[in-house]
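One structure is given below, encoded as structure tokens.
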Amino acid sequence: MDIALFGIQGSGKGTIARAVCTKYGFHYFETGGELRKLASQDTPLAKKVKAVMESGSLVSNEIVMEIIEDFMESLPDDKPIVFDGIPRKPVQATTFDALMEKKDRDFMGILVEVPEDMAMERLTKRRVCSKCKSVYPADYKEEACEKCGGELVTRSDDNPESIKTRFHAYFDETYPVIEKYKSENKLITIDGTPDIETVRDNVFTLLEEKELV
Ligand code: AMP
């Protein structure tokens, strides 16, 4: 069974996804990360994707679905996947569900809930490693990444204007997707407000209790 993580930007779902993959050997599909890879190329399409991402709006569904299908086809084994950041709007949920059915996969959604003001505070203060993309919260005071020594930088879309656009996209477009999966009993909610180690351990416990790992 695959897992799809939902939550407002800054809820900690990326950190949780990486921890689940490390502990249980899942594959990790980070939609934003895959799109950032695409955007860093030197092509007209990459430039378009980069501009959309910096504004905080959502990239077209065709592009996202192509990336995810390529990812599924590139997997070396049939271990489950943690999906982070997809599906993010109703039309994407429809195409995502169809793709999962076509690939004979199924998933359980986990919603990491945090209030908007806490998410905003975390996003404006976090830094990411320019090399390995590890994420560091505000209380990490060093200048370099503890894993690879890379320089820590602020993500270009972690500015207040872009964050507001991303929050709007979350409430207007992703929220209906969350409601849909709730009504289908495909979504479990966890509290994302404690420190990240506590949330991570709560997710591990939940996955084990529900026999999802
Ligand atoms: P994230 O790293 O999850 O905050 O995503 C960064 C940006 O990537 C978003 O603001 C969107 O521009 C784009 N993005 C991520 N996931 C999706 C998706 N499922 N559909 C469309 N665009 C996405």
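The values are calculated or read from the model by the stated rules, or taken from the named source; none is laboratory data. Quick caveat, the model's predicted, so the values are computed rather than measured. Quick reminder, even Gly has a Cβ in these numbers, built from the backbone with ideal geometry, and neighbours come from all protein chains shown. Quick note on the areas: whole protein, heavy atoms, side chains included, nothing else; ligands and nucleic acids left out. Shrake-Rupley method; radii C 1.70, N 1.55, O 1.52, S 1.80 Å.
For the range 65-81, a residue qualifies if it is surrounded by fewer than 17 Cβ atoms within 10 Å (Cβ to Cβ) and either touching a His at 6+ places or on another chain (Cβ under 7 Å) or in contact (Cβ under 8 Å) with a residue 60 or more places away in the chain (or both), and the qualifying residues are Leu75, Lys79.
Quick check on Asp158: is it in a loop (DSSP other than H, G, I, E, B) and within 15 Å of the ligand (Cβ to nearest atom)? Taking the combined requirement at face value, the residue satisfies it. Do any residues in the range 125-137 that are closer than 16 Å to Ala19 by Cα and in a strand (DSSP E or B) have Cβ atoms under 8 Å from those of residues that are open to solvent by less than 80 Å² (accessible area, probe 1.4 Å) and small (Gly, Ala, Ser), where the two are at least six apart or on different chains, and which pairs are they? Close Cβ pairs (under 8 Å, with a partner that is open to solvent by less than 80 Å² (accessible area, probe 1.4 Å) and small (Gly, Ala, Ser)) amount to Val135/Gly14.
Residue by residue, here is whether (1) away from the ligand (no atom under 16 Å from the Cβ); (2) open to solvent by less than 60 Å² (accessible area, probe 1.4 Å); (3) among the aliphatic types (A, V, I, L, M); (4) touching a residue at least 24 places away in the same chain (Cβ under 8 Å) holds:
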residue	(1), (2), (3), (4)
Asp139	yes, no, no, no
Cys145	yes, yes, no, no
Gly150	yes, yes, no, no
Phe167	no, yes, no, yes
Asp172	no, no, no, no
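How many of the residues in the range 1-20 are out of contact with any Leu (no Cβ under 8 Å at 6 or more places or on another chain), away from the ligand (no atom under 11 Å from the Cβ) and open to solvent by less than 10 Å² (accessible area, probe 1.4 Å)? The qualifying residues number 1.
Here is the figure for the range 103-117: residues that are within 16 Å of the ligand (Cβ to nearest atom) and part of a helix (DSSP H, G or I) total 1. On the stretch given as the range 82-95, residues that are in a helix (DSSP H, G or I) and touching a residue at least 40 places away in the same chain (Cβ under 8 Å) total 3. Close contacts from the range 44-57, counting a first residue that is near the ligand (Cβ under 10 Å from one of its atoms) and a second that is outside any helix (DSSP H, G or I) and among the β-branched types (Val, Ile, Thr), with Cβ to Cβ under 6 Å and a gap of 6+ residues or different chains, come to Val49/Val59; Val52/Val59.
The residues on offer are Met100, Met65, and the sole one that is over 14 Å from the mean Cα position of the chain (by Cα) and away from the ligand (no atom under 13 Å from the Cβ) is Met100. For the range 21-56, a tally of residues being acidic (Asp, Glu), assigned to a helix (DSSP H, G or I) and open to solvent by 50 Å² or more (accessible area, probe 1.4 Å) returns 1. For Lys125, the criteria (1) at pLDDT 95 or above; (2) open to solvent by 40 Å² or more (accessible area, probe 1.4 Å) hold in every case but one, which is (1).
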